[in-house]
Amino acid sequence: MDSGVGEILARAREAQGLSLAEAAQQLKFAPRQLEALEQERFDVLQGGTFARGMVRGYARLLKLDAEPLLERIAHRFEAPDANRLAARFREPVP
């Protein structure tokens, strides 16, 4: 079975000798957020867009290609519903 995205990121970080805290500091994330990412607990992160951005930034820091990683987690997030988004933007701003 393939390694999960979190495991790939954790192994790459460890191979570069970075602690979780050091990586989090460089990315301006809380260590608990990176820990959740490495454990693939995407439900505790602030939504799919945020999680994808974290994967992209983390991969860049570790000099990994983010696109294959993002493809592997795409099924974990609900695609934005264009009709629901459009309806939200038609509402008056309070």
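Here is how the numbers come out for the structure above:
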| item | result |
| --- | --- |
| Length released on extending from ALA74 to GLN39, taking residue separation times 0.36 nm less the Cα-Cα span | 11.0 nm |
| Qualifying trypsin sites (Lys or Arg not before Pro) for the range 1-69 [loop in DSSP, other Cβ within 10 Å: at most 10] | LYS28, LYS63 |
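Throughout, read-outs are computed from the coordinates displayed, never taken from laboratory work. Just so it is clear, the model here is predicted, and its values are computed rather than measured. Heads up, the Cβs are rebuilt from the backbone with ideal geometry, glycines too, and the neighbour counts pull from every protein chain shown.
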